[in-house]
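The values are calculated or read from the model by the stated rules, or taken from the named source; none is laboratory data. Just so it is clear, the structure is predicted and the values come from calculations on it, not from any experiment. Positions of Cβ are backbone-derived with ideal geometry, glycine not excepted, and every protein chain shown enters the neighbour counts. All accessible areas refer to the heavy atoms of the entire protein, side chains included, with ligands and DNA or RNA removed. Shrake-Rupley method; radii C 1.70, N 1.55, O 1.52, S 1.80 Å.
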Amino acid sequence: MTDQKRFSSGSSARSVFYEEAGKGFPLILIHGFPHNRSLWADQLFGLCDRCRVIAPDLRGFGESPPAPPWSMESFAGDIAALMERLEIEKAIIGGLSMGGYVAFEFLRRYGDRVHSLILADTRAGADSDETKAKRRELQRIAQTGGAQAVADAQIVGMIGATTRETRPDIVQRMHAMMSSAPVEGIVGALEAMMNRPDSTRMLSEINVPVLIAVGEEDALTPVKESRAMHEAIPHSTLAIIPKAGHVSNIEDHLEFNSVARNFLASVGH
Ligand code: MLT
């Protein structure tokens, strides 16, 4: 059983919807692009006996309304405001892909509120010029064809080859999730990702425990990105999820949760 709640800080433009399950030390899980909090459904259920698992909808996704400015700073600020509201001083912060970019920004701005980190299927580097051009094209696709066209364009990269061949239910779940994203959120998040800072230089200074998890078949943020982060971050553990792609937490949720549980135990939770 999960609780679904909304909090507003000041104006409705800043309202954030979130879902939570369990009690204990807070674990905040940030979804990727163009996802919503339902990305973490298997973790809300699978980890709630160990932690208070909280999954927000980033602004512009799920039930959180779109609101400029679009930046990693805004996304991270919304997570900090949610923590304030819930009177959470420190949390384990987890993010998948774009959620990982938000986690890096959160660490940069609110480092004293980070107990430990889970970086799933993400990368530390900023966008190349080529990637920025692809993002502008995706903005155009969103504005002309809507979220469905974005989901069509993204679905193959989003899911590993094995899952695509063997789990049509997961392909359908991810396609439906991406198709439901509001166009304003899609366009805004692409802007935020294009302008995000490079986090590579901060890796060697991260002084909290970090779990890096990545699907073996992740085509969007390949294993080599995770290996590079693991080599640079002093207290990090690398877990490669076999036969999973970019959404490794869904493609093999049992393995992902088992890796996460070992990590939680190693940091005392
Ligand atoms: C995501 O899953 O969040 C995106 O693939 C991230 C990105 O496009 O860089």
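Using just the helices of the chain, give the 222 nm mean residue ellipticity in deg cm²/dmol: DSSP H runs with n ≥ 4 each add -39,500 (n - 2.57), and the total is spread over all residues, rounded to 500.
Rounded to the nearest 500, the figure is -14000 deg cm²/dmol.
Dividing the convex hull volume of the Cα atoms of the chain by its residue count, what figure in Å³ per residue is obtained?
Here the figure is 110 Å³ per residue.
Give the accessible surface of the chain per residue, rounded to a whole number of Å², with probe radius 1.4 Å and ligands, DNA and RNA excluded.
Here the per-residue accessible area is 41 Å².
For the stretch 39-104 and the stretch 113-166, compute the distance between their C-alpha centroids and round to whole Å.
Taking the Cα centre of the stretch 113-166 as reference, the centre of the stretch 39-104 is 18 Å away.
Just order 84-92, 72-80 by mean Cβ neighbour count inside 10 Å, highest at the front, would you?
Details: 84-92: 15.4, 72-80: 21.6.
Ranked by mean Cβ neighbours within 10 Å, highest first: 72-80, 84-92.
Quick check: from the Cα gyration tensor, does the stretch 31-117 come out rounded (a/c under 1.5), prolate or oblate?
Oblate, because a/c is 1.5 or more while a/b does not exceed b/c.
Using the alpha carbon gyration tensor of the stretch 171-269, what are the three equivalent-ellipsoid semi-axes (square root of 5 times each eigenvalue), largest first, in whole Å?
Numbers: eigenvalues 126, 82, 33 Å².
Taking √(5λ) for each Cα gyration eigenvalue gives 25, 20, 13 Å.
Once both labels are modelled 7 Å past Cα along the beta-carbon direction, what's the residue 231-residue 86 spacing in nm?
In this crude spin-label approximation the distance works out to 3.6 nm.
Taking the Cα atoms of the stretch 94-148, what is the range of coordinates along each of the three principal axes, in descending order and whole Å?
42, 24, 19
Full-extension gain between residue 169 and residue 265, please, as 0.36 nm times their residue separation minus the C-alpha to C-alpha distance.
31.4 nm
What length, rounded to one decimal in nm, is gained on full extension from residue 5 through to residue 132, with 0.36 nm per residue of separation minus their alpha-carbon distance?
Taking 0.36 nm per residue and subtracting the Cα distance, the gain is 42.3 nm.
With both partners inside the chain, how many of the DSSP beta bridges are antiparallel, as a percent to the nearest 5?
The antiparallel fraction comes to roughly 30 percent.
For a 28 Å ceiling on Cα separation, which of these pairs sit above it: 5/132; 132/224; 134/224?
Numbers: 5/132 35 Å; 132/224 21 Å; 134/224 21 Å.
With Cα atoms farther than 28 Å apart: 5/132.
What is the set of long-range amide H partners of residue 118 at a cut-off below 5 Å, with H atoms built 1.01 Å from backbone N?
Correct list: 93, 94, 95, 211.
Leaving out ligands, DNA and RNA, and with a 1.4 Å probe, what % of the accessible surface on the stretch 163-205 is carbon or sulfur?
Carbon and sulfur atoms account for 50 percent of the accessible area of the stretch 163-205.
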